[in-house]
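*Asks:* Would you mind keeping the following structure in view while I ask a few things?
The values are calculated or read from the model by the stated rules, or taken from the named source; none is laboratory data. Quick caveat, the model's predicted, so the values are computed rather than measured. For neighbour counting, all protein chains shown are included, and Cβ atoms are generated from backbone atoms with ideal geometry for every residue, glycine included.
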Amino acid sequence: MLSDALDVLACPLCAGALELDGRTLACALGHRFDVARQGYVSLLAAPTKFSGDSADMIAARERFLGSGHFAPLIDAVAAAAGSASAGPVVLEVGAGTGHYLAAVLDSVPDARGVGIDVSKYAARRAARCHARAASVLADVWDRLPVRDGAVDVALSVFAPRNAAELQRPLAPRGVLVVLTPTTGHLRQLVDGLGLVHVDERKSQRLDETLSGRFERLERRRVEFSMTLSHNDVEAVVAMGPSARHLDTKRRAEAIAALPEPLRVDASAEVAVYRRRDAAAGDVQPAQTRS
């Protein structure tokens, strides 16, 4: 909950400490941010043109992740993050429904979590993902409303990455856990349904983006097959970026034409990076939206 994360969060306008005053977070300079009735708080520094995932996308993600089909991926992220520290503060940037953050908190009993997403629908869902998680609405391309060095483990799961703002909140020698799809991920659906293709150089580009601020400690591939119904296929498609580009009626017709049940491959890489404690002027800001 938010009250457990006050030593982690910062005012998005002045970077000052925040205190809970009833249903409002406030800093010493008088900046105030109301806590929504769903339990999350908006710490947007300014209006943003990015609205993030829609209500339908979040609902689809909750259905699919709740079904357990991605359990090996969730377990791999939790294992990587849990091995980093016995009782860390965990920050997930682009947290979505909070499933991955909750799994990490379950694996580390003393951990506290903060999930950040620009989608208000995601923030609403993440607010109830775990008793030790706080949910914050913020733009991941802006300065995150998190104090310098307050985080032990950062997570980026199928999400945008702003390297500078993943490094800054991390404590010295803190770690970043990144989950990215490979070209084989959902391959049976990519061509048949016109899903977004994964760049063959994705791992290389990730290393290049992070190299000035992080050193890679390990990378491993997680691959398995899933047996999906048509409803499962609809959910996994509707929760991802392809949902923004596919016509709903044509998508439904294409899914109906698929065999049922359908074997679909999942393939992703879990990489662990350690923060480089370089001087601020030694590296240049790096960002990637993919």
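*Asks:* Would you say V237 is aliphatic (A, V, I, L, M), touching a Leu at 6+ places or on another chain (Cβ under 8 Å), modelled with pLDDT of 90 or more and not in a strand (DSSP E or B)?
*Replies:* yes
*Asks:* Residues that are surrounded by fewer than 21 Cβ atoms within 10 Å (Cβ to Cβ) and touching a helix residue (DSSP H, G or I) at 6+ places or on another chain (Cβ under 8 Å): list the helices (runs of 4 or more DSSP H) wholly contained in segment 163-212 that include at least 1 such residues.
*Replies:* Helices (runs of 4 or more DSSP H) meeting the threshold: 187-193, 202-210.
*Asks:* Ok, one more. Filter segment 153-183 down to residues that are charged (D, E, K, R) and at pLDDT below 95 and give me whichever is nearest to E208 (Cα to Cα).
*Replies:* That would be R161.
*Asks:* Restricting the search to segment 20-33, which residues are at pLDDT 95 or above, over 13 Å from L43 (Cα atoms) and outside any loop (DSSP other than H, G, I, E, B)?
*Replies:* L20
*Asks:* Have a look at D232, D207 and point out the one that is in contact with a His (Cβ under 8 Å, 6 or more places away or on another chain), farther than 30 Å from E19 by Cα and of a type in the set (D, E).
*Replies:* Exactly one residue qualifies, and that residue is D232.
*Asks:* Let me confirm something: among L44, L18, which residue is in contact with an Asp or Glu (Cβ under 7 Å, 6 or more places away or on another chain), within 27 Å of A150 (Cα to Cα) and of a type in the set (A, V, I, L, M, F, W, C)?
*Replies:* The conditions single out L44.
*Asks:* Determine which member of the set E234, E165, E208 is within 18 Å of the chain's Cα centre (by Cα) and among the charged types (D, E, K, R).
*Replies:* Going through E234, E165, E208 in turn, just one is within 18 Å of the chain's Cα centre (by Cα) and among the charged types (D, E, K, R): E165.
*Asks:* Right, next: Among A76, A10, A5, which is buried (at least 17 other Cβ atoms within 10 Å of the Cβ), touching a Lys or Arg at 6+ places or on another chain (Cβ under 6 Å) and at pLDDT 95 or above?
*Replies:* Exactly one residue qualifies, and that residue is A10.
*Asks:* Among the residues of segment 53-64, count how many are outside any helix (DSSP H, G or I) and surrounded by fewer than 20 Cβ atoms within 10 Å (Cβ to Cβ).
*Replies:* Adding up the residues that qualify gives 1.
*Asks:* Quick one: A243 ticks every box in (1) at pLDDT below 90; (2) closer than 18 Å to S156 by Cβ; (3) assigned to a helix (DSSP H, G or I); (4) not charged (D, E, K, R) bar one, so which box is it?
*Replies:* Among (1) at pLDDT below 90; (2) closer than 18 Å to S156 by Cβ; (3) assigned to a helix (DSSP H, G or I); (4) not charged (D, E, K, R), the lone unmet condition for A243 is (2).
*Asks:* Would you be able to say whether some residue in segment 96-108 is touching an Asp or Glu at 6+ places or on another chain (Cβ under 9 Å) and either among the aromatic types (F, W, Y) or modelled with pLDDT under 95 (or both)?
*Replies:* yes
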